[in-house]
Structure formats: structure tokens, C-alpha cells
Amino acid sequence: MFGHKKQDDNTLPVTVQVARSAEAWAAAIKLWNENSRGVVTDSGTHKEVLHFSLVQPKTIMWLQRDTGRTDALELIISWQDDHTVIAEVFIILPGPEKAGDDTYIRRVLEGLLTTASTVPINQQGK
């Protein structure tokens, strides 16, 4: 997706984007609420996490937030490209004011809400 050249195995190519958008926030909250029974708490990071996996192309995604925090969500997308693990991190903040381009984030969230091939990672193989 990014066209990165081979990286040292000790680094993880990551891009981070922040978007403040009522539409992206609404989609993220809807995804969180509709899948809330799959939310787990990561004791190491103190985050509430909702995992997803796409089979084609093999991609791991998770939506997370700090435990007890309701004013920001993080969407992380990770995949392997040419033997390099790549990740995109999107910080999603509520509107009504708007900042940053939320187009891609909204498309990803809508896909997670509507794609049958999206399966919570803890339910794979059942």
C-alpha cells in the first residue's frame, strides 16, 4: 500500500493521522457499540481493544481506546508488504468542528461495518 523499500527488521513503518470529524466519530462509535461484546482489556497497555482480521488481503485491524476514556478512538491497520510489517494509525476525535481528511477513515470504518469477511480475531476458526 505504501511502496516502502525494505526496512531494518527492528523498525516498523508507521504513519499516524489525526481526524476530527462527526461522521468518522459516529461510524467508529457504531462499530464499537455493535461489536462491544468482543472488546477486551489489554493489561499491558491499559487499553480497551476490539480486534478484526481480513483474510484477503491479510490485514489485522483494531479499534482501541484508553480504559475509561470516551473522547478519542484509535484505529490501527497492520499488514505485511514485501516481508515488512506496515501499520497505519488513525486517531479519531469527535466533531462538530472538522480537522484533517476523514475520507479514508470513514471508508475503512464503513467497510468494517458492512463486510462479511471481517471477523473478530478471537472468533476465527470456530
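The values are calculated or read from the model by the stated rules, or taken from the named source; none is laboratory data. The model shown is predicted, which means the values in this text are computed figures rather than measured ones. Remember, those area values only see protein heavy atoms, side chains included, never the ligands or the DNA or RNA. Shrake-Rupley method; radii C 1.70, N 1.55, O 1.52, S 1.80 Å.
Carbon-plus-sulfur accessible fraction, the stretch 22-74 (probe radius 1.4 Å, protein heavy atoms only): 51%. Straight-line cross-link partners of Lys98 among the aspartates and glutamates, defined as a Cα under 14 Å from its Cα and at least 8 positions apart when in the same chain: Glu23.
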